[in-house]
Amino acid sequence: QVQLVESGGGLVQPGGSLRLSCAASGSSFYAMGWYRQAPGKQRELVADITGGGNPNYADSVKGRFTISRDSAKNTVYLQMNNLKPEDTAVYYCWASRGYGRDYWGEGTLVTVSL
């Protein structure tokens, strides 16, 4: 059974930084990434990265967030800089083996506020 364990969320002031981590049990994930869901909004892609290391970002986070992956450890990271109040959301780790075989973490809350 695949498990994704997230860490690193919390409260930060605008302009601050946080680093999210997600460790996945099992192996051979085609892609890993992060989604987020703000109150009253749909879940949206933040960033993902393939096994080859090709990143993809939502326009709203380009230039501020960086995704990276340690395939040997089945771990994906999200470095978030210059955080804004609109980044406040529950962030979910995602991993895929393709063909609809998607897995999700339980989520970690990121709050950006004074």
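The values are calculated or read from the model by the stated rules, or taken from the named source; none is laboratory data. Keep in mind that this is a model prediction, so the values were computed, not measured. Cβ sites come from the backbone with ideal geometry, for glycine too, and all protein chains shown count toward neighbours. When the accessible area is computed, the model is the full protein with side chains, heavy atoms only, and any ligands, DNA or RNA have been set aside. Shrake-Rupley method; radii C 1.70, N 1.55, O 1.52, S 1.80 Å.
Structural remarks
- Test: residue in the stretch 103-113 that is touching a strand residue (DSSP E or B) at 6+ places or on another chain (Cβ under 8 Å), without any contact (Cβ under 8 Å) to a residue 40 or more places away in the chain, open to solvent by 20 Å² or more (accessible area, probe 1.4 Å) and aromatic (Phe, Trp, Tyr): no
- Screening 73, 62 for residues that are more than 20 Å from residue 7 (Cβ to Cβ), open to solvent by 30 Å² or more (accessible area, probe 1.4 Å) and not acidic (Asp, Glu) leaves exactly one candidate, 62.
- Residue 76 being touching a strand residue (DSSP E or B) at 6+ places or on another chain (Cβ under 7 Å) and either charged (D, E, K, R) or under 18 Å from residue 22 (Cα atoms) (or both): yes
- Pairs linking a residue in the stretch 37-57 that is under 15 Å from residue 110 (Cα atoms) and of a type in the set (Gly, Ala, Ser) to a residue that is assigned to a strand (DSSP E or B) and open to solvent by less than 50 Å² (accessible area, probe 1.4 Å), with Cβ atoms under 9 Å and 6 or more positions apart or on different chains, are 38/89; 38/90.
- Taken over the stretch 20-34, the criterion of being surrounded by 13 or more Cβ atoms within 10 Å (Cβ to Cβ) and either over 15 Å from residue 75 (Cα atoms) or in contact (Cβ under 8 Å) with a residue 60 or more places away in the chain (or both) is satisfied by 20, 22, 24, 29, 30, 31, 32, 33, 34.
- In the stretch 1-58, the residues that are within 19 Å of residue 89 (Cβ to Cβ) and touching a Ser or Thr at 6+ places or on another chain (Cβ under 6 Å): 6, 7, 8, 9, 11, 21
- The lone criterion from (1) closer than 25 Å to residue 14 by Cβ; (2) open to solvent by 50 Å² or more (accessible area, probe 1.4 Å); (3) not acidic (Asp, Glu) left unmet by residue 68 is number (2).
- Annotation note: of 92, 99, the sole residue that is crowded, with 16+ Cβ neighbours inside 10 Å and of a type outside the set (A, V, I, L, M) is 92.
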